[in-house]
Every structure is written in C-alpha cells, then in structure tokens.
Amino acid sequence: MTLGQNQELFSKDLTHLLNFIHNNGYDVRIGEAERTKEQQEIYIKSGKTKTLDSLHLKRCAIDLHIFFNGSWIQSKSELQFIGDYWEQLSKNNKWGGNFKNFIGTPHFERRLE
Ligand SMILES: [Zn+2]
C-alpha cells in the first residue's frame, strides 16, 4: 500500500472518529496534523516528544483537543472510550492515551501498512 493510500484511509477513519466524538456531545478543536522534520527536532529538544519517527511527519497522525461544556478533557480515563473507538476502527489505529512510554491523550495515529 502506498503512503497516499494510508493517508486516505486515515482521513476516512478520522471522519468516523469526529462524528463519534460529536455524537457523544463533545467538541473538538483541531490541533497539529502535518509536522515538518524541523518542527519534530524542536519538540525533541524541548521534551515534547522522544522520537524522530512520528507519524505526524507522514500525515498519518493528528492531535485533537476534546472539550466537554467548554472544558478541555485530557485525562486518559475520561477519553478512554474515544480511544477505544478509534482503535476498533482498524488494527492500524493507535491512540496516544494507550502508549506505554509517552502518553499523549490528544494523539490519534494510523500505523502504515
Ligand atoms: Zn500527536
């Protein structure tokens, strides 16, 4: 599968995810999607990430800031059902809230096939 085909499947699943979040009464403020290598290096230096291999560099990841009644929800426990929904859409979908080393609840990505 080409990178472009992976990107297209990612955006299709993202449609389902955004609908799911909205249908549950939450609001979304879009965060970062595409990221340059230069930006990634800045994040490594500042401790915001630990890898140069982020799927943001391949436009197969997005950060979503999820709100409920105007409050930004960041805890893993409150967002778990949304992460679970994302991961059941495809075996390639991973939610940052489930990462072992570096938890990032706004982060949703699709691993490349
Ligand atoms: Zn991210």
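Backbone phi angles across the range 74-89, fed through the Karplus curve with coefficients 6.51, -1.76 and 1.60 (θ = phi - 60°), yield HN-Hα couplings of 10, 6, 4, 5, 6, 9, 4, 5, 6, x, 4, 4, 4, 6, 7, 5 Hz in residue order; Gly and Pro are listed as x. Taking 0.36 nm per residue of sequence separation and removing the Cα-Cα distance, the Thr51/Gln39 pair yields an extension gain of 3.1 nm. Inter-label distance, Asn98 to Gln74: 2.3 nm, where each label sits 7 Å from its Cα along the C-beta direction. Under 5 Å between amide hydrogens, built in the peptide plane, is the criterion, and for Thr49 it picks out Ile44 among residues at least 5 positions away or on other chains.
Coupling constants for the range 58-65 follow from the phi torsions by the Karplus curve (6.51 cos²θ - 1.76 cosθ + 1.60, θ = phi - 60°), and in residue order they are 9, 6, 10, 8, 8, 9, 10, 9 Hz; glycine and proline get x. Each residue, Phe20 and Ser90, gets one label point 7 Å from its Cα in the Cβ direction; the gap between the two is 1.3 nm. Mean residue ellipticity at 222 nm, helices only, the chain: -13000 deg cm²/dmol; runs of at least 4 DSSP H residues each add -39,500 (n - 2.57), and the sum is divided by the number of residues. Under a model in which nothing but the beta-carbon of Lys, Arg (+1) and Asp, Glu (-1) is charged, the chain shows a dipole of about 300 debye around its Cα centre. Note on the range 3-110: Rg/Rh from C-alpha atoms, Kirkwood Rh, equals 0.95.
Read the figures in this text as sums done on the coordinates, not as results from a lab. Fair warning: this is a prediction, and the values are worked out from it, not measured in the lab. When we count neighbours, we look across all protein chains shown, and the Cβ atoms used for this are built from the backbone with ideal geometry, even at glycine.
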